[in-house]
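The values are calculated or read from the model by the stated rules, or taken from the named source; none is laboratory data. Every value quoted in this text rests on a predicted model; they were computed, and no experiment measured them. With ideal geometry, Cβ positions are generated from the backbone for all residues, glycine too; neighbour counts draw on all protein chains shown. Accessible surface areas use protein heavy atoms only, side chains included; no ligands, DNA or RNA. Shrake-Rupley method; radii C 1.70, N 1.55, O 1.52, S 1.80 Å.
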Amino acid sequence: MRVGILGVGLLSAGLEGWPTGREVLAGTRRFDPHRLPDPDASLLPPNERRRSSDCVRWAVQVAQEAIAQSGLDARDVATVFASSGGEMDVLDKLCRALATTERIVSPTLFHQSVHNTAAGYWGIATSCQQSSTALSCYDDSCAAGLLEAVTFVCVEEHPVLFVAYDLPAPDPLNKARTIASAFAAALVLVPSVEGALATVDVTLTAAAGHEVTTMADERCEQLRLDNPAARLLPVLHALAMQRPGAVSLNLLDDQRLLVEVEPCPR
């Protein structure tokens, strides 16, 4: 399955936006992951931004960056949001509320507790009524989401915004399901290669004979291991290098998602 990439969004400590992240991943800028970004997600209306969770703002920030770069109207683009844990901070607050004598749950927190919260806020912000999917597949959420997004583009011949994001949960939840860093990324995938930054050819195959692709830079590799959404880093690295590359992503232990990246002439 071959699709074009028309826009990229990226956010993590030391990777604030695709222009900076591209330089870091290409090795032309020093990777300095010490300051955690605070995304403004300016596309969200003020009231929605005030009510939104950190997860929502991170997801919307990379989504709006990718859409802006693509030049497409967000109202015309279907979405696939992939997250291993989703609204873990909201879940923590709900659990703490239910552990009190009063057991009073905020209605705002309750409606933010579902896994498709970020997708819902994106729909509100953009007035998009296209198809929207929110999925989770534990550590392989990113690979499963990318496969879903590429399949949709190929079958429906319609552009898709793919967003992968995960943030650390507060303790004690983070001790049970450790995510050590925050990461979000987005790709706008289109059926045509005209005007694309690159093409990706995706194939699902058996795990035998295909080692999972890692990052050469130790700190980037640690980020890849620390956050399920950051499993996309080798694909982003191939995009940043602007040369053909092959990436193998784990999917359900016995399978691999093979992603062949080919830059397009500009």
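Tallying residues that are closer than 18 Å to Ala184 by Cβ and not in a loop (DSSP other than H, G, I, E, B) within the stretch 77-132 yields 17.
Looking at Leu223, is it in contact with a helix residue (DSSP H, G or I) (Cβ under 6 Å, 6 or more places away or on another chain), in a helix (DSSP H, G or I) and under 20 Å from Glu65 (Cβ atoms)? Spelling it out, Leu223 is indeed in contact with a helix residue (DSSP H, G or I) (Cβ under 6 Å, 6 or more places away or on another chain), in a helix (DSSP H, G or I) and under 20 Å from Glu65 (Cβ atoms).
Taken over the stretch 196-214, the criterion of being open to solvent by 20 Å² or more (accessible area, probe 1.4 Å) and under 17 Å from Arg22 (Cβ atoms) is satisfied by Leu197 alone. Return a yes/no flag: does the stretch 26-44 have any residue that is out of contact with any Phe, Trp or Tyr (no Cβ under 6 Å at 6 or more places or on another chain), in a helix (DSSP H, G or I) and open to solvent by less than 70 Å² (accessible area, probe 1.4 Å). Within the stretch 26-44 (the criterion being out of contact with any Phe, Trp or Tyr (no Cβ under 6 Å at 6 or more places or on another chain), in a helix (DSSP H, G or I) and open to solvent by less than 70 Å² (accessible area, probe 1.4 Å)), the answer is yes, since at least one residue qualifies. Within the stretch 75-116, being among the β-branched types (Val, Ile, Thr) and either free of Cβ contacts under 8 Å to residues at least 12 places away in the same chain or touching a strand residue (DSSP E or B) at 6+ places or on another chain (Cβ under 6 Å) (or both) holds for Val77, Thr79, Val80, Thr100, Thr101, Ile104, Val105.
Within this structure, Ala26 fails the test of being touching a strand residue (DSSP E or B) at 6+ places or on another chain (Cβ under 8 Å) and of a type in the set (A, V, I, L, M). Would you confirm whether any residue within the stretch 58-74 is of a type outside the set (Phe, Trp, Tyr), in a loop (DSSP other than H, G, I, E, B), surrounded by fewer than 15 Cβ atoms within 10 Å (Cβ to Cβ) and without any contact (Cβ under 8 Å) to a residue 12 or more places away in the chain? Yes, because at least one residue in the stretch 58-74 is of a type outside the set (Phe, Trp, Tyr), in a loop (DSSP other than H, G, I, E, B), surrounded by fewer than 15 Cβ atoms within 10 Å (Cβ to Cβ) and without any contact (Cβ under 8 Å) to a residue 12 or more places away in the chain. Of all the numbered requirements in (1) modelled with pLDDT of 90 or more; (2) out of contact with any helix residue (DSSP H, G or I) (no Cβ under 9 Å at 6 or more places or on another chain); (3) of a type outside the set (Val, Ile, Thr), Asn47 misses one, and that requirement is (1). Considered as a group, the residues in the stretch 143-176 that are in a loop (DSSP other than H, G, I, E, B) and touching a Phe, Trp or Tyr at 6+ places or on another chain (Cβ under 9 Å) include one that is surrounded by the most Cβ atoms within 10 Å (Cβ to Cβ), and that residue is Leu167.
Do we find that Ala186 is open to solvent by 40 Å² or more (accessible area, probe 1.4 Å) and not polar (S, T, N, Q) in this structure?
Answer is no for this residue.
Quick check on the stretch 122-135: of everything there that is touching a strand residue (DSSP E or B) at 6+ places or on another chain (Cβ under 7 Å) and among the polar types (S, T, N, Q), which residue is surrounded by the fewest Cβ atoms within 10 Å (Cβ to Cβ)? Per the criteria, the residue is Ser131.
Got a number for residues in the stretch 243-265 being open to solvent by 60 Å² or more (accessible area, probe 1.4 Å), within 15 Å of Val193 (Cβ to Cβ) and touching a residue at least 12 places away in the same chain (Cβ under 8 Å)?
Count: 3.
Name the residues in the stretch 80-121 that are among the hydroxyl-bearing types (Ser, Thr, Tyr), surrounded by fewer than 19 Cβ atoms within 10 Å (Cβ to Cβ) and touching a helix residue (DSSP H, G or I) at 6+ places or on another chain (Cβ under 9 Å), would you? Selection gives Ser106, Thr108, Ser113.
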